[in-house]
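Enquirer: Take a look at the following structure, please.
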Amino acid sequence: MTSTLLIKKPELEKEVQEVSVKSFWLLLGELRLDASYYAQEVSRATRLLEESGYRIMPLHDSFSKDVFYLPREKRFFADSNVGEPYLMPSELFFFPFSPSKFVYARKLRKAEEWYVKEGWLLLTRSGKLGKLTLATRSLKEFVVSDDVIRIISQKDSYSGFLYAYLSTWVGNALLTKDQYGVAVDHIEPHHVKTVKVPLFPEEIQRIIHNNIQKAFNLREKSRLLLDKSQEELLRELELPELEKPTKIEPFSVRSSDLKLRFDASYHNPIIDDIHDNLKECKFPPKRVGDNIGEVFIPGRFKRIYVGKDYGIPLLSGTQVVQIKPYDMKYISTKVTKNIENWIVRTGWVLVTCSGTIGRIALVPKEWDGWAISQHVLRIIPNAKEVNNGFLVAFLLSEYGHQQVISKTYGGVVDELAEDDVKDVLIPLPPLDVQKKIGNLVVEAYELKELANKIEDETVKTLESMLTTHNKLEVNEEYLKEINAYADSFELIGSEEFRRSLEDLESGETTSFDDFKKELGF
């Protein structure tokens with residue numbers, strides 16, 4: 001006997017998918033009646049593992065020492081100068097890390113468990129669940145939300161291989177099939193522990209693990225470069241460091257200073273402090289609108305979504321500030337009218353202007369020709385006046401960020417206008433000084449994109465291994481081939497290779513593809 005269940009396909013396809021399952025399946029495991037639990041992707045993934053020829057083991061038996069999340073408890077939020085930075089699940093994937101909250105860590109029960117250790121896998125468990133990251137050294141200073149599942153690897157297992165496997169469509173389908181919830185989806189540690197993992201030969205696991213580690217090492221370097229750019233910015237401009245304000249005390253404003261704005265954030269006292277510091281800066285500040293760059297927000301438009309092979313990526317405001325864009329959608333280039341209005345080019349500066357205001361990104365070469373929604377403001381830098389990397393560095397600093405967010409308006413949804421960004425003040429040192437700071441930013445974004453290429457290619461390689469239906473024979477010839485593949489990534493990520501790059505030019509980013517061709521891999 002079979003039972004027919006109906007499940008919704010992704011938003012792109014709209015129609016309902018029909019799935020037939022054997023009735024006794026409903027009595028297995030957790031007695032699930034939600035149709036998505038029996039989706040075709042899950043059945044296909046299970047079948048692929050069974051036909052792979054590899055030994056299949058639950059994740060907890062073969063790879064993890066522990067899988068857990070922290071119990072809910074009251075958190076006491078603090079100012080940035082006394083509290084510890086606190087990362088929400090979505091903030092784990094931002095570039096750079098930008099915590100919106102700070103907590104008194106010492107007031108948390110078992111406070112040490114709220115910090116993560118290098119090498120742990122972190123998994124979102126609510127809302128947009130199933131997103132993974134690997135904890136690096138820079139995460140050790142953050143308190144991480146209890147909405148994140150921690151996976152601690154066994155001593156002799158390969159966490160990078162597990163990360164790559166769970167990032168494949170096969171692993172992710174099995175990882176998220178147990179989700180539950182009506183308004184908000186959830187997943188529990190015991191669901192993660194039972195995910196089936198194929199035991200590839202140790203040599204293959206090691207190589208895949210090493211590639212993933214290289215990708216995250218590059219991301220770590222890119223974040224360090226952004227931190228260094230902030231230090232150089234303040235040093236060259238001779239500006240004092242500003243604490244990130246998290247709480248504003250009541251204040252008064254003279255009626256003559258209202259400028260027809262009655263929203264308190266516009267008159268935040270920190271803006272007066274910023275303007276006073278900028279006036280004393282050895283380089284006179286200029287408005288962004290004074291020939292520094294073209295500032296514009298494209299209008300709304302009708303979006304015709306298509307498959308990946310029939311359009312170009314459309315990024316949202318959230319995706320442009322992620323370490324890599326997740327859940328990408330694609331729009332038609334043929335039937336979208338005036339699509340060039342939403343296409344961005346290499347070197348442009350992006351500022352989120354709807355919802356969450358003031359997050360900054362630089363358009364890398366890989367995004368050239370992609371579309372970005374109208375919720376993101378564009379700045380096309382005037383290369384004769386400002387280096388694009390320097391502009392990003394300043395807007396990422398508290399001197400730039402506080403000016404931008406102070407101009408927010410809106411009741412339900414925060415918004416930012418073009419004229420408001422044009423009023424932001426920025427000191428402009430000589431172009432050679434700007435370039436010195438800006439090159440750090442541009443290189444950070446290039447290393448980030450290189451890390452994404454390494455990860456994507458490694459995950460695709462693993463997916464190919466999973467879907468061939470043939471157990472790999474690990475002979476000397478095969479190992480030679482896959483090790484050469486791994487060595488190519490080693491060369492890309494090495495310091496020696498990075499030093500071979502020519503000086504990054506203002507307004508441009510450097511393609512690693514040309515260097516790969518020259519070096520023959």
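The values are calculated or read from the model by the stated rules, or taken from the named source; none is laboratory data. If you're wondering where the values come from, they're calculated on a predicted model, not measured in any experiment. Note: ideal-geometry Cβ built from the backbone for every residue, glycine included; neighbour counts use all protein chains shown.
Residue-by-condition table, conditions (1) at pLDDT 95 or above; (2) under 30 Å from Asn217 (Cα atoms); (3) more than 25 Å from the chain's Cα centre (by Cα):
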| position | (1), (2), (3) |
| --- | --- |
| Asp309 | no, no, no |
| Ser316 | yes, yes, no |
| Gln319 | yes, yes, no |
| Ile331 | yes, no, no |
| Thr336 | no, no, yes |
| Trp342 | yes, no, no |
| Arg359 | yes, yes, no |
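Enquirer: Failed condition for Ile482, given (1) in a helix (DSSP H, G or I); (2) at pLDDT 55 or above; (3) more than 16 Å from Phe161 (Cα to Cα), with all others met?
Expert: Only one criterion in (1) in a helix (DSSP H, G or I); (2) at pLDDT 55 or above; (3) more than 16 Å from Phe161 (Cα to Cα) is unmet by Ile482, namely (3).
Enquirer: Give Val459, Val413 a once-over and let me know the one that is touching a helix residue (DSSP H, G or I) at 6+ places or on another chain (Cβ under 7 Å) and modelled with pLDDT of 90 or more.
Expert: Numbers: Val413 fails: touching a helix residue (DSSP H, G or I) at 6+ places or on another chain (Cβ under 7 Å).
Going through Val459, Val413 in turn, the sole match is Val459.
Enquirer: While we're on this one: Restricting attention to strands (runs of 3 or more DSSP E) lying wholly within region 24-111, give those where 3 or more residues are within 30 Å of Val442 (Cα to Cα).
Expert: Passing ranges, in order: 84-87.
Enquirer: Next question, about the same structure. Please identify the pairs in which a residue from region 234-262 that is among the basic types (Lys, Arg) has its Cβ atom under 7 Å from the Cβ atom of a residue that is surrounded by 10 or more Cβ atoms within 10 Å (Cβ to Cβ), counting only partners at least 6 apart or on another chain.
Expert: Hits for this filter: Lys244/Ser80; Lys244/Glu398; Lys247/Asp79.
Enquirer: Please specify each residue of region 148-157 satisfying the condition of being in a loop (DSSP other than H, G, I, E, B) and modelled with pLDDT of 95 or more.
Expert: None - no residue of region 148-157 is in a loop (DSSP other than H, G, I, E, B) and modelled with pLDDT of 95 or more, so the list stays empty.
Enquirer: Does any residue of region 158-172 turn out to be part of a loop (DSSP other than H, G, I, E, B) and not assigned by TED's automatic domain parsing to the domain that holds Ile360?
Expert: Initially, region 158-172 is screened for residues part of a loop (DSSP other than H, G, I, E, B), giving 158, 168.
From what's left, not assigned by TED's automatic domain parsing to the domain that holds Ile360: 158, 168.
Yes, the conditions are met somewhere in region 158-172.
Enquirer: Could you list, in sequence order, the residues of region 191-212 that are closer than 21 Å to Glu41 by Cα and in a helix (DSSP H, G or I)?
Expert: Listed by number, the residues that qualify are His191, Val192, Lys193.
Enquirer: Right, here's the next one. Return yes when Arg223 is in a helix (DSSP H, G or I) and surrounded by 23 or more Cβ atoms within 10 Å (Cβ to Cβ) and no when it is not.
Expert: So Arg223 fails the test.
Enquirer: Here's something else I'd like to know. Going residue by residue through region 244-255, is there one that turns out to be in the same structural domain as Asn388 (by TED's automatic domain parsing), in a helix (DSSP H, G or I) and either out of contact with any Phe, Trp or Tyr (no Cβ under 8 Å at 6 or more places or on another chain) or not hydroxyl-bearing (Ser, Thr, Tyr) (or both)?
Expert: Among the residues of region 244-255, at least one is in the same structural domain as Asn388 (by TED's automatic domain parsing), in a helix (DSSP H, G or I) and either out of contact with any Phe, Trp or Tyr (no Cβ under 8 Å at 6 or more places or on another chain) or not hydroxyl-bearing (Ser, Thr, Tyr) (or both), which makes the answer yes.
Enquirer: Return the residue satisfying two criteria in turn: it lies in region 383-403 and is small (Gly, Ala, Ser) and farther than 11 Å from Ile274 by Cα, and of such residues it is surrounded by the most Cβ atoms within 10 Å (Cβ to Cβ).
Expert: Gly389
Enquirer: So how many residues does region 99-125 have that are modelled with pLDDT of 90 or more and among the polar types (S, T, N, Q)?
Expert: 1
Enquirer: Moving on to the next point. Cβ-Cβ distance below 9 Å, separation of 6 or more or different chains: which pairs start in region 180-193 with a residue that is buried (at least 18 other Cβ atoms within 10 Å of the Cβ) and end on one that is assigned to a loop (DSSP other than H, G, I, E, B) and of a type in the set (A, V, I, L, M)?
Expert: Ile187/Leu129
Enquirer: Further, regarding this structure: Out of the strands (runs of 3 or more DSSP E) lying entirely within region 282-340, which hold 3 or more residues that are over 23 Å from Glu455 (Cα atoms) and in contact with a Phe, Trp or Tyr (Cβ under 8 Å, 6 or more places away or on another chain)?
Expert: Those strands (runs of 3 or more DSSP E) do not exist here; none qualify.
Enquirer: Picking from Ser316, Ser354, Ser332, which residue would you name as being touching a residue at least 24 places away in the same chain (Cβ under 8 Å) and either buried (at least 20 other Cβ atoms within 10 Å of the Cβ) or touching a Leu at 6+ places or on another chain (Cβ under 9 Å) (or both)? Talk me through it step by step, then tell me what you get.
Expert: Details: Ser316 fails: either buried (at least 20 other Cβ atoms within 10 Å of the Cβ) or touching a Leu at 6+ places or on another chain (Cβ under 9 Å) (or both); Ser332 fails: either buried (at least 20 other Cβ atoms within 10 Å of the Cβ) or touching a Leu at 6+ places or on another chain (Cβ under 9 Å) (or both).
Being touching a residue at least 24 places away in the same chain (Cβ under 8 Å) and either buried (at least 20 other Cβ atoms within 10 Å of the Cβ) or touching a Leu at 6+ places or on another chain (Cβ under 9 Å) (or both) holds for just one of Ser316, Ser354, Ser332, which is Ser354.
Enquirer: I would also like to ask the following. So Arg125 ticks every box in (1) touching a residue at least 40 places away in the same chain (Cβ under 8 Å); (2) surrounded by fewer than 20 Cβ atoms within 10 Å (Cβ to Cβ); (3) closer than 21 Å to Thr318 by Cβ but one. Which box is left unticked?
Expert: In the conditions (1) touching a residue at least 40 places away in the same chain (Cβ under 8 Å); (2) surrounded by fewer than 20 Cβ atoms within 10 Å (Cβ to Cβ); (3) closer than 21 Å to Thr318 by Cβ, Arg125 misses (2) alone.
Enquirer: While we're looking at this one, here's another question. If I ask for residues that are out of contact with any helix residue (DSSP H, G or I) (no Cβ under 7 Å at 6 or more places or on another chain) and on the phi > 0 side of the Ramachandran plot, which ones from region 94-121 would you list?
Expert: Hit for region 94-121 is Lys110, nothing else.
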